[in-house]
Structure formats: structure tokens, C-alpha cells
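Structure first, commentary second.
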Amino acid sequence: MNEQTFLVLTVLAEETLHGYAIVRAVSELTEDRVRLRVGTLYGVLDRLVASGLVEHDRDEVHQGRLRRYYRLTNEGARALHAEISRLESNARAAASRLRAWGFEGGPA
């Protein structure tokens, strides 16, 4: 799972969101480290919907523009949980190896 997919699933785990809100939420979550472009976002969402990890929730018209809302599915929650477990395991392995170099603390 790539970082963009992980982050989109993460923000959708909190609430149902429309595209622009997903972009904002990812930016806030990552403290502006990741800024999704709209084209990138909809590519990610299309793949997530096709794989059953996310589903279309509803459409709303806001100020004359259509907003399509997305929500995490149960399968998406399971996939996110599995990815979190994988990342935690990798982080523990990396930290263990860094301790051999004398790095005991967290990020510098």
C-alpha cells in the first residue's frame, strides 16, 4: 500500500468526506508534508472504490458544485489495520537495528 492510499484510508476512517475535504484532511494529518493533487486523489479513490476498500456514500450540491462523498468500508478498515500492523513491525525491526548503532531515542 502506498503512502497516498494509506493516508486517504486513514482520514476516511474518521468520517465520510468529499474530495476537497480529503485533500485538506491529508494535508492537516501530515502537517503539510503531503499535499494531494486533485487528479492524484481521484485516481486513488477510483482504485479504492474498484477494490472495495472505499465506497461512494452520497452526492450533494454545494454552491452549484457537485460534492461526491466517500466512506471507508469494512474491508477498507481491515486493510488499513493490516497496513498499520505491517508498518509497526517494520518500524520495530528498524529501531532494533539502529540501537546497534547507538541510536536509542526517537526521530532527531
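Which residue pairs have Cβ atoms closer than 7 Å, lie 6 or more positions apart in sequence or on different chains, and pair a first residue in region 82-94 that is under 16 Å from ASN2 (Cα atoms) with a second residue that is part of a helix (DSSP H, G or I)?
Close Cβ pairs (under 7 Å, with a partner that is part of a helix (DSSP H, G or I)) amount to GLU83/PHE6.
Identify all residues within region 59-108 that are in a strand (DSSP E or B) and farther than 17 Å from VAL8 by Cα; write none if there are none.
Listed by number, the residues that qualify are ASP59, GLU60, VAL61, HIS62, ARG65, LEU66.
Test VAL34 against the stated conditions and say whether it is part of a loop (DSSP other than H, G, I, E, B) and in contact with a Leu (Cβ under 8 Å, 6 or more places away or on another chain).
Yes.
ARG67 is checked against (1) surrounded by 12 or more Cβ atoms within 10 Å (Cβ to Cβ); (2) within 14 Å of the chain's Cα centre (by Cα); (3) not aliphatic (A, V, I, L, M) and fails just one. What number does that condition carry?
Failing condition for ARG67: (2).
Any read-out appearing in this document is the output of simple, stated calculations on the displayed coordinates, not a laboratory observation. Bear in mind the structure is a predicted one, so any value in this text is a computation, not a measurement. A quick note on method: Cβ atoms are made from the backbone with ideal geometry, for glycine too, and the neighbour counts reach across all protein chains shown.
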